[in-house]
């Protein structure tokens, strides 16, 4: 229905909106950028949904089961510290709602686009 870039932007925005139930508008925007793009571009590059699904599972597993973000069942325990900036820590949402996560996501997006431009992946879409 749309060109690939519009589809990526729309699906990323919807991914952010889905996270509004447990985050601020800034964090939903950051999630739309960080997760929407970093999980949408691999699909566009490889043409396989499993890479994006695997990334999402790996991210959630690392954050919850290993780092203990927003849960008491993790290997470590991560709790928000109200004395630090929400923009830097992600606050009650967790580290994936922070500016640091957006920076890591931006670097990942640039790396994927660069890798695709160099021909390291079979190109399927038009990011």
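Read-outs: derived from the displayed coordinates by stated rules, not from any lab. Note that the structure is predicted; figures quoted are calculated from it, not measured. Positions of Cβ are generated from backbone atoms using ideal geometry, with glycine treated the same way; all protein chains shown enter the neighbour counts.
Spin-label pair residue 99-residue 120: with each label point 7 Å from Cα along the Cα-Cβ axis, the two points sit 2.8 nm from one another.
With an a/c value of 1.5 or above and a/b not larger than b/c for the gyration tensor axes a ≥ b ≥ c computed over the alpha-carbon atoms, the stretch 27-68 is described as oblate.
Relative to the longest principal axis of the C-alpha atoms of the chain, give the angle of the C-alpha long axis of helix 99-117, reported between 0 and 90° and rounded to the nearest 10°. With both axes taken from Cα atoms, the answer is about 20 degrees.
Let a ≥ b ≥ c be the square roots of the eigenvalues of the Cα gyration tensor of the stretch 8-79; is it rounded (a/c under 1.5), or, if not, prolate (a/b larger than b/c) or oblate? Note, shape of the stretch 8-79 comes out oblate.
Computed over the chain with a Gaussian network model linking Cα atoms closer than 10 Å, the most mobile of 94, 47, 105 is 47.
Of the two radii for the chain, the radius of gyration is 1.00 times the Kirkwood radius, both from the alpha carbons; that is the Rg over Rh value.
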